[in-house]
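Data first, discussion second: the structure below is written as structure tokens.
The values are calculated or read from the model by the stated rules, or taken from the named source; none is laboratory data. Just so it is clear, the structure is predicted and the values come from calculations on it, not from any experiment. Cβ sites come from the backbone with ideal geometry, for glycine too, and all protein chains shown count toward neighbours.
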Amino acid sequence: MNADIEEFDSTHSTEYVDLAAEVLRVLSDATRIRLVLALREIEELSVNALAERVGKTPSGVSQHLAKLRMTRVVTTRHEGTRVLYRLVDEHALRVVSEAMRQAEHAVAHGQVPPHHRARSL
């Protein structure tokens with residue numbers, strides 16, 4: 001399909017396939033997608049700042065962040081008494097971005113989705 005997408009085949013290690021499924025499971029939550037997108041916009045944010053950006057309670061966001069930490073999607077840095085969260089690398093963001101592009105296709109109803117219009121300008 002696309003030359004920039006690394007090809008994996010069905011003989012790949014079961015360990016990688018199982019971990020990939022876990023990452024996709026964790027990223028399949030709308031709040032977690034919003035958290036990843038928020039961390040794309042502002043590199044590091046506290047739980048309270050993230051909660052405000054995604055419209056959820058700090059305690060709920062904290063639980064979502066724990067799951068994202070467990071799958072090594074986000075990491076933390078302490079600044080005094082504050083804990084700041086950031087994406088570990090760009091890979092989870094790429095997964096979320098591709099899912100968003102697929103969603104644009106799903107709702108385009110035969111029209112050109114926004115991400116294709118932006119490229120053609």
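The table for this structure:
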{"item": "Sole exception among (1) under 10 Å from the mean Cα position of the chain (by Cα); (2) at pLDDT below 95 for Asp4, by number", "result": "(1)"}
{"item": "Region 71-83, subset under 30 Å from Val17 (Cα atoms) and in contact (Cβ under 8 Å) with a residue 12 or more places away in the chain, residue surrounded by the most Cβ atoms within 10 Å (Cβ to Cβ)", "result": "Val73"}
{"item": "Close pairs from region 108-121: first within 15 Å of Glu98 (Cα to Cα), partner at pLDDT 70 or above and not hydrophobic (A, V, I, L, M, F, W, C), Cβ under 6 Å, at least 6 apart", "result": "Pro113/Glu104; Pro113/His105; Pro114/Glu104; His115/Arg101; His115/Glu104"}
{"item": "Looking only at region 91-111, and only at residues there that are modelled with pLDDT of 90 or more and β-branched (Val, Ile, Thr), the one that is surrounded by the fewest Cβ atoms within 10 Å (Cβ to Cβ)", "result": "Val95"}
{"item": "Qualifying residues in region 70-88 (those that are at pLDDT 95 or above and within 12 Å of the chain's Cα centre (by Cα)) - the one nearest to Arg25 (Cα to Cα)", "result": "Val73"}
{"item": "Residues within region 40-59 that are in contact with a helix residue (DSSP H, G or I) (Cβ under 8 Å, 6 or more places away or on another chain), in a helix (DSSP H, G or I) and within 16 Å of Thr76 (Cβ to Cβ), tallied", "result": "5"}
{"item": "Residue match in region 35-42 (condition: buried (at least 17 other Cβ atoms within 10 Å of the Cβ), basic (Lys, Arg) and touching a residue at least 24 places away in the same chain (Cβ under 8 Å))", "result": "no"}
{"item": "Every residue from region 70-114 that is acidic (Asp, Glu) and in a strand (DSSP E or B)", "result": "Glu79"}
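Every residue, every condition in (1) touching a residue at least 60 places away in the same chain (Cβ under 8 Å); (2) surrounded by fewer than 16 Cβ atoms within 10 Å (Cβ to Cβ); (3) among the hydrophobic types (A, V, I, L, M, F, W, C); (4) within 22 Å of His115 (Cβ to Cβ), yes or no:
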| site | (1), (2), (3), (4) |
| --- | --- |
| Asp18 | no, yes, no, no |
| Leu27 | yes, no, yes, yes |
| Leu45 | no, no, yes, no |
| Ala66 | no, yes, yes, no |
